[in-house]
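Trainee: Please read through the structure below; I'll follow up with questions.
The values are calculated or read from the model by the stated rules, or taken from the named source; none is laboratory data. Because the structure is a prediction, the values reported are computed rather than measured. Please note: Cβ atoms are built from the backbone with ideal geometry, for glycine as well, and neighbour counts cover all protein chains shown. Surface accessibility is based on the protein's heavy atoms, side chains included, excluding ligands, DNA and RNA. Shrake-Rupley method; radii C 1.70, N 1.55, O 1.52, S 1.80 Å.
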There are 4 protein chains.
Amino acid sequence: MPSAAKIAKPVPEHVFPFRVYYEDTDAAGIVYYANYLKFAERARTEMLRARGFDHRQLDAEDGVAFAVRACSADYLLPARLDDALEVRTRVTHVGGATLEADQDITREDAVLTRLKVRLACINRAGRPVRIPAAILAAFRSNP
Amino acid sequence: MPSAAKIAKPVPEHVFPFRVYYEDTDAAGIVYYANYLKFAERARTEMLRARGFDHRQLDAEDGVAFAVRACSADYLLPARLDDALEVRTRVTHVGGATLEADQDITREDAVLTRLKVRLACINRAGRPVRIPAAILAAFRSNP
Amino acid sequence: MPSAAKIAKPVPEHVFPFRVYYEDTDAAGIVYYANYLKFAERARTEMLRARGFDHRQLDAEDGVAFAVRACSADYLLPARLDDALEVRTRVTHVGGATLEADQDITREDAVLTRLKVRLACINRAGRPVRIPAAILAAFRSNP
Amino acid sequence: MPSAAKIAKPVPEHVFPFRVYYEDTDAAGIVYYANYLKFAERARTEMLRARGFDHRQLDAEDGVAFAVRACSADYLLPARLDDALEVRTRVTHVGGATLEADQDITREDAVLTRLKVRLACINRAGRPVRIPAAILAAFRSNP
């Protein structure tokens, strides 16, 4: 949860709108619990793209990728077929080789699922490496 | 494939743009073959929505849903991570209880995958029923 | 985390073997992070089945289902295509309406991913209800 | 479709049993139509493995993989949560660079979905190449 200090000087939030389709739901009539992690990953990809980066370019030019090291999810309310939802992403920590974010999946004003993720920058051998300088700059300046 | 007559008076095409994310790809580095069917279903859902219908409303008001009876796919070219693609859907037949469509998944001018689907309108017991009149009208007029 | 008492008299562990297929992997060449949650859910389903319960029967006879309320995952080592893996599940807490478990996804002696899940028993309206007595008995006796 | 000659000397059928989990179903309460293609791919992988081949070894030793070129599905009856199903695979054609199979997804004696697939052997550049001799031999002898 962001501290009071963080709320006072908030990290800009990235908003990713998406729709719930049949593929996302299960026989309980609601979105299957693993699929919220898919939505969150789409949102992180679009947050990178909005700052000028994409996965193929990161691989081709820097030989790096972001791997999820840890993830936690609190499922508060279920999402349903046809729902128009958003992933609201706040980067909460940018280290030399790791990146942390809170990602809320919301329907209008309600938070349905709260996710926290920790990502590591890895090279093609899967070893942790420093985040490329251009990405660090983009996430630290927060224009 | 649409007949010459149909090409002369073409059914308007619905275009659904989408992005390829990690979840869609596999260890061969390309989109997993089953996932094109997900893209096609998203597109059919949005084509319905563009004409004023959604699955929850169809279930609540008419007690019906569309079930895929048959589907074929020709995989011509692979899609890759980060690709910006489209599903181009042409409804090729509207019967009393069935609906057929051609769905091409395209990247710029190239067709990557050609799908043909036949859908049946079913009630909550899974039995075939007539397509609600409002949907028939929407797909037969083709404004 | 199991208490010392529980370690002294350990809850029997349920072992669910499975294989990694193309559908589970992504373009990074490893298992996509959300898919470990699918493996864990399969294992919980088989753990229930091994004690005589399945989802359809729980719904039909008791009108209940288990919903995931919280889940956390630590990704330690990647799984790859063709890997033969196991989900090792230990129920760590059985409350009146909730059930907690640790689930390790392992390859031979290595833990690849550590999951913790908290499940709630819910009725068809999605409200928390007591776990059916037969299930409670099955998980508390631990023969 | 198998020719009369092939029926007279039938290709042995590979049977792959599996279970339907929540992940496979959708809000209509039945298995989502794209997921039958996942089941079929698991079965093809296990059919290869039963004859001594796996994807990683094929990539490492021969630099080849099998890509689906075409696939058709007839959905006859729905599968449901907890169903114990089988994929029954018959290789119907083995060419120099392609392989065709019929794959029925069955529940007891009922065929739920009939699939036909055409696979191409491709190299790492995605170009069609001859199927490795050991695989050809394994599928042509049919012991």
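Trainee: Residue check, residue C:50 against (1) exposed (fewer than 15 other Cβ atoms within 10 Å of the Cβ); (2) over 16 Å from the mean Cα position of the chain (by Cα); (3) not aromatic (Phe, Trp, Tyr), all met but one. Which one?
Mentor: Every condition holds for residue C:50 apart from (2).
Trainee: Here are B:37, B:81, B:85, B:136: which of them is closer than 26 Å to residue A:49 by Cβ and touching a Gly at 6+ places or on another chain (Cβ under 9 Å)?
Mentor: Working: B:37 fails: touching a Gly at 6+ places or on another chain (Cβ under 9 Å); B:85 fails: touching a Gly at 6+ places or on another chain (Cβ under 9 Å); B:136 fails: closer than 26 Å to residue A:49 by Cβ.
Matching residue, one of B:37, B:81, B:85, B:136: B:81.
Trainee: Against the condition out of contact with any Cys (no Cβ under 9 Å at 6 or more places or on another chain), facing another protein chain (nearest Cβ under 7 Å) and open to solvent by 50 Å² or more (accessible area, probe 1.4 Å), how does residue A:69 come out, does it pass?
Mentor: On the way: out of contact with any Cys (no Cβ under 9 Å at 6 or more places or on another chain): yes; facing another protein chain (nearest Cβ under 7 Å): yes; open to solvent by 50 Å² or more (accessible area, probe 1.4 Å): yes.
Against the criterion (out of contact with any Cys (no Cβ under 9 Å at 6 or more places or on another chain), facing another protein chain (nearest Cβ under 7 Å) and open to solvent by 50 Å² or more (accessible area, probe 1.4 Å)), residue A:69 qualifies.
One line per residue, one yes/no per condition, for (1) among the β-branched types (Val, Ile, Thr); (2) under 12 Å from the mean Cα position of the chain (by Cα):
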{"position": "A:77", "(1), (2)": "no, no"}
{"position": "A:84", "(1), (2)": "no, no"}
{"position": "A:98", "(1), (2)": "yes, no"}
{"position": "A:102", "(1), (2)": "no, yes"}
{"position": "A:114", "(1), (2)": "no, yes"}
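Trainee: Continuing with this model, one more query. Please go through region A:73-132 and pick out each residue that is touching a His at 6+ places or on another chain (Cβ under 6 Å) and open to solvent by 10 Å² or more (accessible area, probe 1.4 Å).
Mentor: The answer is A:81, A:82, A:100.
Trainee: Assigned to a strand (DSSP E or B) and of a type in the set (Phe, Trp, Tyr), is that true of residue C:139? Outline the logic, then answer.
Mentor: Numbers: assigned to a strand (DSSP E or B): no; of a type in the set (Phe, Trp, Tyr): yes.
Taking the combined requirement at face value, the residue does not satisfy it.
Trainee: Next question, about the same structure. Can you name the residue in region A:27-47 that is in a loop (DSSP other than H, G, I, E, B) and out of contact with any Pro (no Cβ under 9 Å at 6 or more places or on another chain) and is also most open to solvent (accessible area, probe 1.4 Å) among such residues? I'd like the intermediate steps shown before the answer.
Mentor: Initial filter on region A:27-47 (in a loop (DSSP other than H, G, I, E, B)): A:27-30, A:32-34.
Keeping just the survivors that are out of contact with any Pro (no Cβ under 9 Å at 6 or more places or on another chain) gives A:27, A:32-34.
Numbers: A:27: 37, A:32: 11, A:33: 18, A:34: 1 Å².
Looking at residues that are in a loop (DSSP other than H, G, I, E, B) and out of contact with any Pro (no Cβ under 9 Å at 6 or more places or on another chain), I get A:27.
Trainee: Here's another thing I want to ask about it. Among all residue pairs at least 6 apart or on different chains, which show Cβ distances below 9 Å where the first residue, located in region C:17-43, is free of Cβ contacts under 8 Å to residues at least 60 places away in the same chain and the second is assigned to a helix (DSSP H, G or I) and among the polar types (S, T, N, Q)?
Mentor: Note: pairs meeting the criteria are C:22/D:45; C:23/B:35; C:23/C:35; C:23/D:35; C:24/C:35; C:25/C:35; C:26/C:35; C:34/A:35.
Trainee: Now a separate question. Collect the residues in region C:99-133 that are among the hydrophobic types (A, V, I, L, M, F, W, C) and assigned to a strand (DSSP E or B), keeping them in residue-number order. Walk me through how you get there before you give the answer.
Mentor: First pass over region C:99-133, keeping only residues among the hydrophobic types (A, V, I, L, M, F, W, C): C:99, C:101, C:105, C:110-112, C:115, C:117, C:119-122, C:125, C:129, C:131, C:133.
Correct list: C:99, C:101, C:105, C:110, C:111, C:112, C:115, C:117, C:119, C:120, C:121, C:122.
Trainee: Would you confirm whether or not region D:82-89 contains a residue that is part of a strand (DSSP E or B) and without any contact (Cβ under 8 Å) to a residue 40 or more places away in the chain? Working first, answer last.
Mentor: Initially, region D:82-89 is screened for residues part of a strand (DSSP E or B), giving D:84-89.
From what's left, without any contact (Cβ under 8 Å) to a residue 40 or more places away in the chain: none.
No, every residue in region D:82-89 fails to be part of a strand (DSSP E or B) and without any contact (Cβ under 8 Å) to a residue 40 or more places away in the chain.
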